[in-house]
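Since the structure comes first, as structure tokens, the remarks are kept for the end.
The values are calculated or read from the model by the stated rules, or taken from the named source; none is laboratory data. Since we're looking at a predicted model, the values are computed, not measured. So basically every Cβ, Gly included, is an ideal-geometry build from the backbone, and we count neighbours across all protein chains shown.
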Amino acid sequence: MSADSASERRARGRPRAWGDTTEQNKVKSLDRALVILERLSQMGGATLSDLAEDLKQSPATVYRVLFTFEARGMVDFDPVAQTWHIGAGAFHIGSRFLRRTSLVERARPFLRALMQDTEETANLGVMRDGQVLFLSQVETHHNIRAFFPPGAMSPMHASGIGKALLAQLPDKEVASIIRTHKLPRFTDETLITAEALANDLHDTKQRGFAFDKEEKNPGMRCIAAPVFDMHSEPIAGMSISGPSARIPDSRIDALATSVKAAAADLTKALGGVLP
């Protein structure tokens with residue numbers, strides 16, 4: 001292939017100056033609109049005034065953006081409650097991302113087997129922008145169970161998968177995540193100091209699994225292990241979650257063995273290498 005044809009092929013996906021990441025290459029109005037959409041998804045629904053106040057933008061501006069998104073099915077309006085919510089259009093786009101990600105496809109049978117082995121909900125998550133992004137879940141048949149819908153985000157320091165991944169990262173990267181996202185408290189068990197988190201991550205790496213003992217939600221526990229790529233770098237985490245009554249201290253080692261085995265099996269299926 002000639003240099004000219006290679007250059008032409010690259011140009012179809014990116015302009016000649018694609019390496020220029022300055023503000024001039026941003027469509028500012030689009031960027032502001034996407035900020036509104038992202039914040040609405042994080043709030044789980046909001047009135048126009050609450051969303052505008054939260055974003056410190058005028059209600060008129062926020063309304064025009066929501067109205068435009070509504071026409072595309074990206075948001076919905078509830079006329080009774082007078083609230084705006086993420087719409088089916090946004091879900092469809094997110095679903096296409098999941099279909100593109102072979103990790104989710106390959107992980108499904110391993111998640112299903114893990115749920116059947118432990119009888120607890122099995123989860124798959126990755127790190128995105130210093131947080132855990134849940135990609136897939138196989139729910140237990142028990143009435144009381146954990147629920148992390150695909151697309152849900154969770155703080156790294158208060159998540160089994162988050163801590164399993166943090167334990168594999170260099171100290172500088174962990175410190176950077178803490179500076180950006182802080183260590184907010186969710187329960188009395190949340191690790192809210194860098195020292196406490198560092199000690200927990202040290203133990204996590206030594207034993208090969210992370211343990212979330214009601215650190216995000218009271219009464220819920222989680223056991224997680226990392227999944228690795230061909231370079232032995234962490235690319236995802238697998239976990240089981242359930243009520244503390246079904247995950248007592250006496251079962252942790254046995255359940256952790258199942259979780260680690262499932263994560264190792266997925267690693268091998270992806271062509272990854274365990275450290």
Q: Considering only segment 155-165, state which residues are touching a residue at least 40 places away in the same chain (Cβ under 8 Å) and not hydroxyl-bearing (Ser, Thr, Tyr).
A: PRO155, HIS157, ALA158, GLY160, ILE161, GLY162, LYS163, ALA164, LEU165
Q. Are there any pairs with C-beta distances below 6 angstrom linking a residue in segment 216-233 that is closer than 23 Å to ILE144 by Cα to a residue that is small (Gly, Ala, Ser) and assigned to a strand (DSSP E or B), with the two at least 6 apart or on different chains, and if so which?
A. CYS222/SER239; CYS222/SER241; ALA224/ALA210; ALA224/GLY237; ALA224/SER239
Q. Only one residue in LEU169, LEU133, LEU197, LEU183 is in the same structural domain as ALA225 (by TED's automatic domain parsing), under 20 Å from the mean Cα position of the chain (by Cα) and touching a residue at least 60 places away in the same chain (Cβ under 8 Å). Which one?
A. LEU169
Q) Given (1) among the hydroxyl-bearing types (Ser, Thr, Tyr); (2) closer than 26 Å to ALA107 by Cα; (3) touching a Gly at 6+ places or on another chain (Cβ under 8 Å), where does THR180 come up short, assuming only one miss? A) (2)
Q: Determine whether GLY87 is at pLDDT below 95 and either surrounded by fewer than 20 Cβ atoms within 10 Å (Cβ to Cβ) or not assigned by TED's automatic domain parsing to the domain that holds ILE36 (or both).
A: yes
